[in-house]
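Let me begin by presenting the structure, written as structure tokens, before commenting on it.
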Amino acid sequence: MRHTGQDGRLGTTPPVPGRPTTLLFCLCALLFALITWQVIADGPLRDADERLGPWITGSRLPDGAAELLADLGGVAVAVPFLAAAIAYAAWRGHRAGTFRWWLAPAVAAVAMTVVPVLVIPLKELIGRTGPPGMDGSGYYPSGHTATAMVAYGGAALLLLPYLRGTYARRELVIACALLNFGVGLGLVRRGYHWPLDVVASWCLFGMVSQVMVLVVVRYGRRPADSDADTAMGTGTGTSTHTARPK
């Protein structure tokens, strides 16, 4: 069912996360636990990872392009990008009088603060050494990958309601996925991280991203919308929603 979106135009209500989201969350959790166990125990998966890393490092991706992709996961680039998306979404939502317009920007900001809270203790606890040429330990999981996941994923979540049409929204999601993949590839290609450092961050902050979506979708709707969904027996968020008058 169509509804009026945050800017008063017709749009489509995102589905309420249900069983597919739960399964995906559990899959990410299991993969992260498996990878972490293999890294700590020097298991066969870690051995394969350390054979794959040099192969990717020797790939034909130009150094300049790889460095640029890796830099996109840095705090100096990713955090201002997310901050701009937060400011834009807050402005648009407040101007339109959207119900709980502040919720999605706040969730994105909190998610970014979670990055060091999760990553730094894990780095210290696991103490994985880096690829050849990198000094010290504390490379697992990848902080740049985590920062990119939250920054670009959070920005996509904030901007989706303001895009008109399924095609534009799909393209934004694809662009976000490709950007995060590019950051991970650049980090491994430049020899800053092992592949599993990157994959582990994708799994860990894939869970964080799903929590972001769950909070925004579940608590960003008017109670009447939730009651209507329950009465319809769909649980898919296909209810009517009208922006509050300014």
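The values are calculated or read from the model by the stated rules, or taken from the named source; none is laboratory data. From a predicted model like this one, the values you see are computed outputs, not experimental measurements. Note that we place each Cβ from the backbone using ideal geometry, even for glycine, and neighbour counts take in every protein chain shown.
Quick look at the values:
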| read-out | value |
| --- | --- |
| Candidate set from the range 85-100 (those that are in contact (Cβ under 8 Å) with a residue 40 or more places away in the chain and within 20 Å of the chain's Cα centre (by Cα)); member that is surrounded by the most Cβ atoms within 10 Å (Cβ to Cβ) | Ala89 |
| Considering residues of the range 180-202 that are farther than 15 Å from Tyr139 by Cα and surrounded by fewer than 21 Cβ atoms within 10 Å (Cβ to Cβ) only, the residue nearest to the chain's Cα centre (by Cα) | Phe181 |
| Any hit, the range 74-84, residues being surrounded by 19 or more Cβ atoms within 10 Å (Cβ to Cβ) and either aliphatic (A, V, I, L, M) or at pLDDT 95 or above (or both) | yes |
| Pairs with Cβ under 6 Å, 6+ apart, first in the range 116-128 and in contact (Cβ under 8 Å) with a residue 12 or more places away in the chain, second small (Gly, Ala, Ser) and crowded, with 19+ Cβ neighbours inside 10 Å | Val119/Gly143; Val119/Ala146 |
| Leu24 being under 19 Å from the mean Cα position of the chain (by Cα), within 30 Å of Arg164 (Cβ to Cβ) and either at pLDDT 90 or above or surrounded by fewer than 16 Cβ atoms within 10 Å (Cβ to Cβ) (or both) | yes |
| Hits in the range 99-127 - residues which are on the phi < 0 side of the Ramachandran plot and outside any helix (DSSP H, G or I) | Phe99, Trp101, Trp102 |
| Test: residue in the range 101-117 that is touching a Ser or Thr at 6+ places or on another chain (Cβ under 7 Å), surrounded by 14 or more Cβ atoms within 10 Å (Cβ to Cβ) and at pLDDT 95 or above | yes |
